[in-house]
1. Can you pull out the residues in the range 22-33 that are modelled with pLDDT of 85 or more and either open to solvent by 70 Å² or more (accessible area, probe 1.4 Å) or more than 20 Å from the chain's Cα centre (by Cα) (or both)?
2. Please verify whether the range 66-81 includes one or more residues that are under 25 Å from Ser132 (Cα atoms), without any contact (Cβ under 8 Å) to a residue 60 or more places away in the chain, part of a loop (DSSP other than H, G, I, E, B) and not β-branched (Val, Ile, Thr).
3. Out of the range 98-132, which residues are open to solvent by less than 70 Å² (accessible area, probe 1.4 Å), hydrophobic (A, V, I, L, M, F, W, C) and part of a helix (DSSP H, G or I)?
4. When Pro43 is evaluated against the numbered criteria (1) in a loop (DSSP other than H, G, I, E, B); (2) at pLDDT below 90, which criterion, by number, is the only one it fails?
5. Mind telling me which of the residues Ala76, Ala90, Ala67, Ala72 ends up being farther than 24 Å from Glu28 by Cα and more than 11 Å from the chain's Cα centre (by Cα)?
6. If you scan the range 36-74, which residues turn out to be surrounded by fewer than 18 Cβ atoms within 10 Å (Cβ to Cβ), in contact with a Pro (Cβ under 8 Å, 6 or more places away or on another chain) and farther than 21 Å from Val105 by Cβ?
7. Please pick out the residue among Ala85, Ala19 that is at pLDDT below 85, under 22 Å from the mean Cα position of the chain (by Cα), open to solvent by less than 90 Å² (accessible area, probe 1.4 Å) and over 14 Å from Phe123 (Cα atoms).
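The values are calculated or read from the model by the stated rules, or taken from the named source; none is laboratory data. Quick caveat, the model's predicted, so the values are computed rather than measured. Reconstructed Cβ throughout: ideal geometry from the backbone, glycine too, with neighbour counts over all protein chains shown. Side chains included, ligands, DNA and RNA excluded: accessible areas come from the protein's heavy atoms. Shrake-Rupley method; radii C 1.70, N 1.55, O 1.52, S 1.80 Å.
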Amino acid sequence: MTSSRSNYDAAAIEAERQAAWGKNGTFEAPAPPEGGKGVYVKPSSPFTSGKLHMGHVRDYSIGDAYARFRRARGDAVLFGFGFDAFGLPAEMAAIERKVPPAEWVEGCGERMLEQMKRLGFSFDYDRVFYSS
C-alpha cells in the first residue's frame, strides 16, 4: 500500500475561483431577456449584531443552491442580500461594546460580507442593502 498526498491547495484554488467570479461578474443580476424569466431570490436578513454562524450558512446555502439552479436553467437571477440593521440586537451589541451603533452595524456588515464571499455565496454583492 502506498501513501500519497494530494496537491490540492484549497486556499489558493478558492481564492482563484472567487477572483474569477468577481472579474467576470458571474453573480451580477442581468436584465431578463424579452419573454424570459426574471427570478428574485432573497433569503432572510441577519441582524448586524456579530458574525455569521452555522444557522446563517445553512439558510443561505439553500438560497444559493436555488439561485445557481435557476441560473443554470438560463433564468436571469437576482440573488439579493441585505441586513436587518435596525433594532434592538444591533443596538444592544453596540452598547455592550461601547461603540456607536452606526459604526457597529457597518463593521459587522463588512465582516459578514467577507465571510459570505469566502464561503462562495453567489449574491449580487453590488446590491447589498441595510434596512436602516
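1. The answer is Lys23, Asn24, Glu28, Pro30.
2. Yes, there is a match, as at least one residue in the range 66-81 is under 25 Å from Ser132 (Cα atoms), without any contact (Cβ under 8 Å) to a residue 60 or more places away in the chain, part of a loop (DSSP other than H, G, I, E, B) and not β-branched (Val, Ile, Thr).
3. Across the range 98-132, the qualifying residues are Trp104, Val105, Cys108, Met112, Leu113, Met116.
4. The single condition Pro43 does not satisfy is (2).
5. So the residue among Ala76, Ala90, Ala67, Ala72 that is farther than 24 Å from Glu28 by Cα and more than 11 Å from the chain's Cα centre (by Cα) is Ala90.
6. Listed by number, the residues that qualify are Gly38, Ile62.
7. Going through Ala85, Ala19 in turn, just one is at pLDDT below 85, under 22 Å from the mean Cα position of the chain (by Cα), open to solvent by less than 90 Å² (accessible area, probe 1.4 Å) and over 14 Å from Phe123 (Cα atoms): Ala85.
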